[in-house]
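Peer 1: I have a structure I would like to understand better, so I am pasting it below and will then ask my questions one at a time.
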Amino acid sequence: MGVAANMKRDIRLAATWAIAALAISLPSKALALENFDVALGKQATDPRVVLNNNIDLNRAKNLARQAGVSTNGGLGRYRPENSMHGPATEAPFVDNGNGTWTFTFKGRRPDSSVYSIQTVVTVSKDGRQVNVDYNGPIR
């Protein structure tokens with residue numbers, strides 16, 4: 001290898017290291033949220049607790065969204081707000097402290113960009129109970 005080839009390789013290697021260092025050093029909202037214990041309302045230390053809580057919360061979010069869609073006539077007639085499709089920790093929920101989460105979200109007709117329906121669904125943390133508490137005009 002000539003001097004020019006070595007320099008090219010060194011420059012590529014330096015650029016790779018710089019990008020990796022930048023990616024590692026930037027704070028990540030996703031990393032912060034994945035360590036949040038939704039049951040206790042604080043940072044979790046046990047990775048098993050973090051994983052179980054996020055799986056349970058995500059399942060509950062999906063069940064709440066599906067209940068809202070079903071109650072409003074299906075996807076051909078209703079679309080829930082985008083937060084019900086994203087990360088569970090960013091969904092509009094409240095931990096009721098009794099083994100359930102309540103999700104309060106808006107919906108709209110597929111041909112409209114205006115949200116006109118509010119749905120409130122309570123889901124047990126084990127996912128066995130799903131109750132639509134309210135479905136009607138936005139309050």
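The values are calculated or read from the model by the stated rules, or taken from the named source; none is laboratory data. What you are looking at is a predicted structure, and each value in this text was computed from that prediction instead of being measured. Methodologically, a virtual Cβ is constructed for each residue, glycine included, from the backbone with ideal geometry; neighbour enumeration extends over all protein chains shown. Just the protein is used for accessible areas: all its heavy atoms, side chains included, with ligands, DNA and RNA removed. Shrake-Rupley method; radii C 1.70, N 1.55, O 1.52, S 1.80 Å.
Peer 1: Out of the residues in the stretch 109-134 that are buried (at least 16 other Cβ atoms within 10 Å of the Cβ) and without any contact (Cβ under 8 Å) to a residue 24 or more places away in the chain, which is nearest to the chain's Cα centre (by Cα)?
Peer 2: Result: VAL120.
Peer 1: Is it true that PRO137 is without any contact (Cβ under 8 Å) to a residue 40 or more places away in the chain, surrounded by fewer than 17 Cβ atoms within 10 Å (Cβ to Cβ) and touching a strand residue (DSSP E or B) at 6+ places or on another chain (Cβ under 6 Å)?
Peer 2: In short, no.
Peer 1: Of the conditions (1) closer than 16 Å to GLN129 by Cα; (2) open to solvent by 20 Å² or more (accessible area, probe 1.4 Å), LYS106 clears all except one; give me its number.
Peer 2: (1)
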